[in-house]
Amino acid sequence: MTDNRSVLKWLQEMKDLLNPDEVILIDGSQGQLEKLREKACNSGEMIKLNEEKLPGCYLHRTAINDVARVEDRTFICTPTKDEAGPTNNWRDPEEMYKILYGIAKNSYVGRTMYVIPYSMGPIGSLHSKIGIEVTDSIYVVLNMVIMTRVGQKVLDALGQSEEWVRGLHARCNIDESQRYICHFPQDNTIISVNSGYGGNVLLGKKCFALRIASYLGQKEGWMAEHMLILGIENKDGDVKYIAAAFPSACGKTNLAMLIPPKEYKEKGYKVYCVGDDIAWMRIGEDGRLWAINPENGFFGVAPGTNAKSNPNALESTKSETIFTNVAYNLDDNTVWWEGLNSNPPKQGVNWKGEAWDGTSSKEKGAHPNSRFTAPAKNCPCISPDFDSTKGFPISAIIFGGRRAKTTPLVYQSFNWNNGVFIGSIMASETTAASSGKVGVVRHDPMAMLPFCGYNMSDYFKHWIDIGKKLGEKAPKIFNVNWFRVDENGEFIWPGFGDNLRVLDWILKRCDEKIDASVTPIGYVPNPEDINIDNLSITKESLGKILKVDKDLWQDEIKKTKEFYEKFGESLPKELIQELNDLEDRLNK
Ligand code: GTP
Ligand code: SPV
Ligand code: MN
C-alpha cells in the first residue's frame with residue numbers, strides 16, 4: 001500500500017463518489033492477477049483460449065456500440081477554450097466535473113473498485129511518469145498490466161510526491177449518448193465514462209501518454225508524440241534509432257517490427273523494436289534528442305497481421321495476450337481475424353458474439369479495429385535495451401500517412417522548420433481506429449490531431465522551439481507514404497519488410513552519404529538510390545511514386561491554407577513562411 005497523502009485522499013474521494021462494494025489494490029503479483037482472470041472467465045467477461053496453442057491468452061468482446069476511440073466524445077477541459085485550441089473539443093472544467101461526477105456517482109455499487117498504480121516508462125527513468133487509474137473493469141486491469149508497469153513498486157517509486165496523473169474509469173451502462181473521455185491537463189486528471197474499449201479506457205495510453213503528456217511536455221520542455229521507435233543495425237554493428245509518426249492504423253506497429261528483406265539480412269542488417277505507438281522525447285546531456293517508449297506492451301490492430309506481413313507481431317500474440325473483438329474459433333478454442341490465413345473457422349463466433357461460419361459468411365468475423373494486447377517482451381525483435389532508463393538517441397524523425405495520391409514514397413525536409421511544416425500539413429485517409437467514416441482524407445498534423453492535449457498552434461511553436469535548442473544536433477526530418485495506388489486501386493509499393501529499403505535511404509541521407517533531387521517539396525531520392533532488387537515493382541513504377549506532381553501539390557496548398565485558417569493569427573509565422581516558400585517554388 002502507500003502512505004502518500006495525495007493518493008489516499010483521492011482514493012477516498014473516489015470511493016465516496018463511486019460507492020464500490022470492495023476496493024482491490026493491484027499489487028502486480030501473479031497470484032492476484034490469476035484470481036482476476038478466473039473471475040473474468042466465470043462471469044463471461046473473458047474467454048480462456050486453448051492453453052496449448054495460445055498459453056495464457058484470452059478473448060474479450062466489447063459492446064457492439066463500443067469498438068473504437070470516439071473523437072467526438074473526447075474533450076480537453078481547460079479554463080479557456082483557447083487553451084484547447086481549434087482542433088480539440090472543449091468543455092469548461094467545472095461544468096464537466098459536475099456532469100461526469102453525476103454520471104459516475106454510485107456506478108460501482110455491487111462492483112469492485114480496482115486501483116491500478118502504473119508507471120509510463122521504466123521505473124526510475126528521468127523520462128517516466130506515474131499514474132493511478134481506478135476502474136470497475138477487470139479487462140482494463142489485465143490490459144494495463146500488459147501495457148504499462150504496474151504494482152507496489154510504482155507506489156514505492158512515487159513516495160510522497162503529488163506529481164501523478166489521476167484516472168477515473170467507470171463503465172456505467174456503456175451508453176453512447178453519455179460517453180465522455182475527458183482530460184483536465186491543469187489537474188493532471190482524466191475521466192472516462194460509459195466505454196470499455198481500449199483507447200477510451202486504458203488511460204495510460206492515449207489519454208495520459210499523449211494528451212496529458214503533450215501538455216506537460218510543452219510546460220517542461222520535452223515532447224510526447226504518436227510515434228514508433230525502432231533501431232536499425234547496419235553491417236558494421238552500428239545501431240541508429242528512428243522515430244516515426246503515422247496516424248492510427250497507418251503502419252506504426254508494422255514498421256516498428258519489420259523483418260529485413262533477405263538480401264539486407266544477408267548483409268547483416270538487424271531491426272530492433274523499441275516502441276510501436278508512443279514516444280516521449282527530450283534533449284539529452286549530449287544535446288541530442290533521446291526517446292523512450294512509455295509503454296510496456298502492444299495494443300495492435302489484428303486484421304491484416306499474419307506470418308508474412310508482420311511475423312514478429314504475430315509471434316508476440318502467441319502467449320499472455322488478450323484479444324479484443326476478433327473472431328472466435330470454436331473448433332479449437334483459438335482466435336481468427338481477416339488476413340490471418342485462409343482458414344477461417346467453420347464453427348465460429350464473430351466479433352458481435354453471433355454464431356458465424358467463416359467459410360461461407362459474407363460478413364466479417366473480426367471487427368476492422370479488433371486488437372491484440374501483447375507484452376513487449378514477447379516480440380522476437382524487441383530491443384535488448386528495451387528497459388533502458390536512458391532512452392535512445394534519435395537520428396531521424398519520419399512523418400507519414402495513408403495517401404492514394406500526391407505524397408511521394410519518401411522525401412526529406414530542407415531543414416528542421418521545413419520538417420515541422422511537413423508534419424503540420426500531414427493529411428491521411430481516416431481508418432477504423434476511430435468511429436466515423438473511413439477513407440476520408442483529413443489533416444492530421446504529426447498524427448496528433450486526436451491526441452494533442454492543448455492548442456495545436458502552441459504545439460507547432462513547441463516543435464520549432466525544440467529545433468532551435470537542438471540546432472545542428474537535430475534529427476533530420478522525412479515524410480513517407482507506403483499507400484500510393486495504381487489505376488486499379490492496388491498498392492504500388494510492396495511495403496512491410498521492404499520499407500527497410502526506404503529507411504536505408506533515410507539513414508544514408510542522415511549520414512550525408514548519398515545525393516538526392518531537389519524538388520519544390522524537399523529532397524526526393526534519385527530512383528536508382530532506392531534498392532528494388534528482387535522486387536516485382538518496376539523502375540518505372542518507382543519513378544511514378546517518387547514524382548512530385550505540381551498540380552496535385554497546388555491543390556494540396558489550397559487545402560492546407562483552408563486548414564491553417566482554423567488557427568488564425570496564432571499560427572507560428574515560421575509555418576506561414578514555409579507555406580509561402582513552397583508555393584513560390586511550385587510556381588517557378
Ligand atoms: P494504431 O495501433 O491504430 O496506432 O495503428 P498502427 O499505426 O500501428 O498501424 P498498423 O501497423 O497496425 O497497420 C494498420 C494497417 O495498415 C494494417 O492493416 C496493415 O496491414 C496496414 N499496413 C501496415 N504497413 C503497411 C505497408 O507498408 N503497406 C501497406 N500496403 N499496408 C500496410
Ligand atoms: C490508435 O488508435 O492510435 C491506437 C489504438 O493506438 S487506441 O488505443 O484505441 O487509441
Ligand atoms: Mn496508435
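See the values below:
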{"item": "Filtered residues of the range 488-503 (kept if within 19 Å of residue 260 (Cβ to Cβ) and either among the small types (Gly, Ala, Ser) or surrounded by fewer than 17 Cβ atoms within 10 Å (Cβ to Cβ) (or both))", "result": "494, 495, 497"}
{"item": "Scan of the range 294-315 for residues that are within 16 Å of ligand 3 (Cβ to nearest atom) and over 26 Å from residue 388 (Cβ atoms), ordered by number", "result": "301, 302, 303, 304, 305"}
{"item": "Test: residue in the range 521-535 that is surrounded by fewer than 13 Cβ atoms within 10 Å (Cβ to Cβ), part of a helix (DSSP H, G or I) and modelled with pLDDT of 95 or more", "result": "yes"}
{"item": "1 or more residues surrounded by fewer than 14 Cβ atoms within 10 Å (Cβ to Cβ): qualifying strands (runs of 3 or more DSSP E) within the range 1-106", "result": "22-25"}
{"item": "Matching residues in the range 219-233 - criterion: being surrounded by fewer than 24 Cβ atoms within 10 Å (Cβ to Cβ) and either among the β-branched types (Val, Ile, Thr) or in contact with a Phe, Trp or Tyr (Cβ under 6 Å, 6 or more places away or on another chain) (or both)", "result": "231, 232"}
{"item": "Candidate set: the range 222-242, residues that are among the small types (Gly, Ala, Ser) and more than 12 Å from the chain's Cα centre (by Cα); chosen: the one nearest to ligand 2 (Cβ to nearest atom)", "result": "231"}
{"item": "Unique match (being more than 30 Å from residue 67 (Cα to Cα), touching a strand residue (DSSP E or B) at 6+ places or on another chain (Cβ under 7 Å) and among the polar types (S, T, N, Q)) among 457, 413", "result": "413"}
{"item": "Residue 466 within 19 Å of residue 574 (Cβ to Cβ), of a type in the set (Val, Ile, Thr) and not in a helix (DSSP H, G or I)", "result": "no"}
{"item": "Scope the range 234-257; condition farther than 30 Å from residue 191 by Cα and open to solvent by 10 Å² or more (accessible area, probe 1.4 Å); matching residues", "result": "234, 235, 236, 237, 238, 239, 240, 241, 254"}
{"item": "Selection status of residue 318, more than 14 Å from residue 61 (Cβ to Cβ), part of a loop (DSSP other than H, G, I, E, B) and either open to solvent by 40 Å² or more (accessible area, probe 1.4 Å) or within 16 Å of ligand 3 (Cβ to nearest atom) (or both)", "result": "yes"}
{"item": "First in the range 246-264 and on the phi < 0 side of the Ramachandran plot and within 16 Å of ligand 2 (Cβ to nearest atom), second anywhere and open to solvent by 10 Å² or more (accessible area, probe 1.4 Å) and among the hydroxyl-bearing types (Ser, Thr, Tyr), Cβ under 6 Å, 6 or more apart", "result": "248/431"}
{"item": "Given (1) more than 17 Å from residue 261 (Cα to Cα); (2) touching a residue at least 40 places away in the same chain (Cβ under 8 Å); (3) part of a helix (DSSP H, G or I), number of the condition residue 506 does not satisfy", "result": "(1)"}
{"item": "Residues within the range 191-221 that are assigned to a helix (DSSP H, G or I), among the β-branched types (Val, Ile, Thr) and more than 10 Å from ligand 2 (Cβ to nearest atom), tallied", "result": "1"}
{"item": "Hits in the range 461-492 (condition: over 18 Å from residue 244 (Cα atoms), hydrophobic (A, V, I, L, M, F, W, C) and touching a helix residue (DSSP H, G or I) at 6+ places or on another chain (Cβ under 6 Å))", "result": "492"}
{"item": "Residues located in the range 276-303, provided they are open to solvent by 10 Å² or more (accessible area, probe 1.4 Å), assigned to a loop (DSSP other than H, G, I, E, B) and closer than 22 Å to residue 68 by Cβ", "result": "277, 303"}
{"item": "Members of the range 158-177 found to be crowded, with 16+ Cβ neighbours inside 10 Å and assigned to a helix (DSSP H, G or I), listed by number", "result": "158"}
{"item": "Considering residues of the range 436-455 that are of a type in the set (Gly, Ala, Ser) and away from ligand 2 (no atom under 13 Å from the Cβ) only, the residue farthest from residue 250 (Cα to Cα)", "result": "453"}
{"item": "Top-ranked residue of the range 178-204 - restricted to ones that are farther than 18 Å from residue 79 by Cβ and away from ligand 3 (no atom under 16 Å from the Cβ), ranked as surrounded by the fewest Cβ atoms within 10 Å (Cβ to Cβ)", "result": "178"}
{"item": "Residues that are within 16 Å of ligand 3 (Cβ to nearest atom), part of a loop (DSSP other than H, G, I, E, B) and in contact with a strand residue (DSSP E or B) (Cβ under 6 Å, 6 or more places away or on another chain), drawn from the range 433-452", "result": "444"}
{"item": "Any chance residue 133 is crowded, with 18+ Cβ neighbours inside 10 Å, at pLDDT 95 or above and in contact with a His (Cβ under 7 Å, 6 or more places away or on another chain)", "result": "yes"}
{"item": "Residue 490 within 27 Å of the chain's Cα centre (by Cα) and among the acidic types (Asp, Glu)", "result": "yes"}
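The values are calculated or read from the model by the stated rules, or taken from the named source; none is laboratory data. Remember, it's a predicted structure, so these values are computed and weren't measured experimentally. In this analysis, Cβ positions are derived from the backbone assuming ideal geometry, glycine residues included, and neighbour counts consider all displayed protein chains. The area values use the complete protein model at the heavy-atom level, side chains included, leaving out ligands, DNA and RNA. Shrake-Rupley method; radii C 1.70, N 1.55, O 1.52, S 1.80 Å.
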